[in-house]
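Remarks on the structure that follows.
The values are calculated or read from the model by the stated rules, or taken from the named source; none is laboratory data. Only a predicted model underlies this, so the values are computations on that prediction, with no experimental measurement involved. Here the Cβ positions follow ideal geometry from the backbone for every residue, glycine too, while neighbour counts run over all protein chains shown.
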Amino acid sequence: MNKDFNIKSLIRPNVAKMQPYSSARDEFKDFSSEMIFLDANENPFETNVNRYPDPQQRHLKSILSKHKNIPTDQILLGNGSDEVLDLIFRAFCEPAKDNIITLPPTYGMYGVLADLNNIENREVLLDADFQPDLDKISSTADTRTKLLFICSPNNPTGNLIALDRILKQLKTFHGLIVIDEAYIDFANEESWISKLRKFPNLIVTQTLSKAYGLAGIRVGICYASAEIISVLNKIKPPYNINKLTQETAIEQLQNTERMYREISLLKTEKDTLLKALVEIDFVKKVYPSDANFILLKVDNAERRYTQLLAKGIVVRNRSLQPFCENTLRITIGTPFENKKLIITLKEMQQ
């Protein structure tokens, strides 16, 4: 545990002083009772969506609480993980004064959100094994460093960040450490959620977009201490998760058997694809992956990307990322899609 950590010292002064907006549905919380609602200036005629949704998403959070074995007051939901990340910036980073640390190559929205919120982004490149350089992180941080972003499994490299390196940061870093676990369901390691009780400076973000197959409804999840969640709740929009989104998420979370079958199939398909990729002559390196995608180095990424596109296959060229020159990131598709990809890659050798 980081004994020097004090959450109150990290909150922006204006956020600490502000009073959150109280919506009609915050004031009356009993959604199960048959009541005549004349409090929120809604259209009274039933359309299934004529009423405002639960601003605290209580039913959805209760299901997540059981799944993750974490209290509901340690859960915040956002309109995608990007909203969750933006709320973290706005709660703890003072514009034009504070800074954050990111570890490229990594998810690009950390830097975009830093620019949006006028926060300096201090980049500390991962090492040759795509692991954090602890000494450089330490020398880069100062008293105005509020956040350290760690994506694990990392995007676009696909690897988990070493447990011992994260633990050392949790014990020594004076700001908040945000571990982005968008792809954790595809990894064989447990989530950092299990460490929240031990490390009050830890924030874990997850999503329903990947393993749960719900990218279209945009649900991001933040797990943190009750103190951190209460701060984020003060500044979140009152109805940021709409009713249809909540209903769809609840339905999916109540039956996760399909999800687990799909994860198992995707892992098998990834192994099949990995074996095929090493036999393609223009593939120079295939990086280890703990996610549902594979990063590979090729002879000419732009050429190979264009060739695949002409065959109706869309991948991502990640060549502009540090240490990722001439790399393509390929998501694991269905068995049919992966088979077509392999056939196409073999034809491209000729």
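At a glance:
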item: Test: residue in the stretch 206-217 that is assigned by TED's automatic domain parsing to the domain that holds H59, basic (K, R), outside any strand (DSSP E or B) and under 29 Å from F336 (Cβ atoms); result: yes
item: Failed item, numbered, when I229 is tested on (1) more than 26 Å from V49 (Cβ to Cβ); (2) in the same structural domain as I70 (by TED's automatic domain parsing); (3) surrounded by fewer than 17 Cβ atoms within 10 Å (Cβ to Cβ); result: (3)
item: Matching residues in the stretch 257-281 - criterion: being surrounded by 15 or more Cβ atoms within 10 Å (Cβ to Cβ) and outside any helix (DSSP H, G or I); result: I280
item: Answer residue from the stretch 29-68, given it is under 22 Å from the mean Cα position of the chain (by Cα) and among the hydroxyl-bearing types (S, T, Y) and is surrounded by the most Cβ atoms within 10 Å (Cβ to Cβ) among those; result: S65
item: Y239 out of contact with any helix residue (DSSP H, G or I) (no Cβ under 7 Å at 6 or more places or on another chain), hydroxyl-bearing (S, T, Y) and outside any helix (DSSP H, G or I); result: yes
item: Residue within the stretch 110-124 that is crowded, with 18+ Cβ neighbours inside 10 Å and closer than 24 Å to I250 by Cα present; result: no
item: Meets criteria (over 22 Å from the mean Cα position of the chain (by Cα) and hydroxyl-bearing (S, T, Y)) for T256; result: no
